[in-house]
Each structure stands twice: as C-alpha cells, then as structure tokens.
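First up is the structure itself, then whatever we jot down about it.
The values are calculated or read from the model by the stated rules, or taken from the named source; none is laboratory data. None of the values given here were measured: they were computed from a predicted structure. When we count neighbours, we look across all protein chains shown, and the Cβ atoms used for this are built from the backbone with ideal geometry, even at glycine. The protein model used for the area step is the full one, side chains on, heavy atoms only, and it has no ligands, DNA or RNA in it. Shrake-Rupley method; radii C 1.70, N 1.55, O 1.52, S 1.80 Å.
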Amino acid sequence: MASPETGSGADCGFRSSGGSMSNAHASFVQLHQGADLYVLPNVWDAGGARLVQQLGARAVGTSSAAMAWSCGYADGGALPDTALLQRVSEIVRVTSLPVTVDIEDGYSDVPDAVAARVLRLVEAGAVGINIEDGAGNPAALVAKISAIRSALGGRSLFINARTDVYLRGLAEGDEAVRMSIDRLQAYARAGADGGFVPGLRALDEAAAVAGAVPLPLNLMWLPGMASFAALSQAGVRRLSAGPALFTHAWTAMAAATTDFLGDAMAMPEGAPGYAALNQLFSER
C-alpha cells in the first residue's frame, strides 16, 4: 500500500536558513527504502509546494512539463535556466520538505554544463533531481551522471535516472523490459540513486525491472494504472504524479473561468478564504 503522507498539518514551517540539507537528503532517501509505495506530488510553483505540505506530503517534486507551461513555455527543453532556478528557489523558500527537481535531459548535451546547472540547484536547496535519456544514446546520460557526481565532490544529491523506453515507445514487451533494465543498470553504475520508468504500466513488467535493477523503481501515475497496493507488491517504491496535478488545476480553472465569463461563477464548497490562504504564507 502507499505510505501515508501524514506529515502534521501544523508542521508547516518554512525551510530554515540554518536547516541541514544533509538531513533533508537523508529523509528523502529514506522515503524510497520502506516496504510501502511512496507517493510524490509534483508541483510547479511555491504555492503548490505550500499546499501539498499542508496536506501531508513528505517531499515535493517538480514537474518539468507543468513548470514550463506555468512559465509560458512548451515542455521539451525550452524553459530558460534563470526561470528554472528562480522557481526552485521560491519553492525551497516556502517549504521545510525535501525538494527534488525534474531537469529533463539537463537542458544541454554537454555533461559539464549539465553538472554546473545541477550545482546551482543544489546550492538553491534541492536534494534530488530527475534526469532523462529521452530518445538519445544511454551513454549520454551515463556521462552526465558521472559529471554530476564528479562536480558534487561528495556532496549529497539523490539522482533519479529516467529512461524513456516506454514513454517514447522505443521497444515493447520483453524487449522493453530488457532495454529498461540495461539502461538503469548502466545509470546505477554511473552513480544514480533511483530508476524512473514513466509509461510502464504492466505489473509483471514492473516486477521484472524492479527485481533486476539495484535502484528503487519509480513510475509515473497514469489513468488506469493498478492500485497502489498492487504496485507496491510488484516492487515499485515511488509513484510520481507527473503533470497530472497541473492538468487537474487547469481543468478546474478553465471551468471556473467559463462560468465567470458567463455570469454564473460560484465559490466551490470548502474553498479557503483570503485570510486562511494569506495566513498559510505568513507562517514561519
């Protein structure tokens, strides 16, 4: 079953400037080591980070797609480095939870450039990253992970290596399983801490990957997936929301805007008022 996201609602303090990043990193690593499935909400701004913490999340992840869209860019490497760093800094400022950042392919083909970008994120307070191979040669991601580890110089960072074998349809069935295993094993040898296989749905294939790779297996939530309990039993250790929460938010705003333009908008039941929302961002 999923591990309960039961951080105290009262424990909503902002990250202290004297807080230990090593402790945050250790807490994040521990979330992947339990017997239960760890569920990670993916947000795109500081407001979302504050909300998921209030609701009991135990870490905050960013969605590269949602962050790009919310900044007015398409997903797929278009988000400027300054925008990424600004958003991550804002998220870290408002949450005491560990923060992991999706950086697509590192926004560069040059390993040292990717490593330099990652160092800036670490300095901003991130304790983890996702980095993907896309449709490229897996050797490119191996080189990037190795460059990141070298640049870190022993500093802690949870590197979640993503392979897009399933998401991009690079293979199917047993061949997709084999290709995913081969890639994740190579990324583990380069220094990855986790393996991410978005698009993988079948429980037997997830179990095969989880059993052959020395990394906690991360999947991305998709409609029609098996239950959290079944995923956990198959060996999945982390389930990310991906852009799903952004899609929910977009749909809700579109509906409310349509109502407003038609002179028919009403506040949804249970909506917080101004004072409650403002207080949430005033707490220290």
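Quick one: in region 215-225, which of the residues that are touching a strand residue (DSSP E or B) at 6+ places or on another chain (Cβ under 9 Å) and assigned to a loop (DSSP other than H, G, I, E, B) is nearest to Gln30 (Cα to Cα)?
Among those residues, the one meeting the criterion is Pro216.
If I filter region 230-284 down to residues being in a strand (DSSP E or B) and touching a Pro at 6+ places or on another chain (Cβ under 9 Å), which single residue comes out as most open to solvent (accessible area, probe 1.4 Å)? If you could, list the steps in order and put the result at the bottom.
Looking only at region 230-284, we keep the residues that are in a strand (DSSP E or B), and these are 236-240.
The next check asks that each one be touching a Pro at 6+ places or on another chain (Cβ under 9 Å); those that pass are 236-238, 240.
Numbers: Val236: 0, Arg237: 55, Arg238: 4, Ser240: 6 Å².
If we take residues in region 230-284 being in a strand (DSSP E or B) and touching a Pro at 6+ places or on another chain (Cβ under 9 Å), then Arg237 is most open to solvent (accessible area, probe 1.4 Å).
How about region 140-181: which of its residues are without any contact (Cβ under 8 Å) to a residue 12 or more places away in the chain and of a type in the set (A, V, I, L, M, F, W, C)?
Ala171 - this is the single residue of region 140-181 that is without any contact (Cβ under 8 Å) to a residue 12 or more places away in the chain and of a type in the set (A, V, I, L, M, F, W, C).
Just give me the residues in region 79-88 being open to solvent by less than 50 Å² (accessible area, probe 1.4 Å) and either assigned to a loop (DSSP other than H, G, I, E, B) or hydroxyl-bearing (Ser, Thr, Tyr) (or both), in sequence order.
Leu79, Pro80, listed by residue number.
Only one of Ser27, Ser22 is under 18 Å from Phe158 (Cβ atoms), at pLDDT below 95 and in a helix (DSSP H, G or I); which?
Ser22 is the lone residue from the list that is under 18 Å from Phe158 (Cβ atoms), at pLDDT below 95 and in a helix (DSSP H, G or I).
Can you tell me which residues in region 166-183 are farther than 15 Å from Ala140 by Cβ and of a type in the set (A, V, I, L, M)?
Leu167, Ala171, Ala176, Val177, Met179, Ile181
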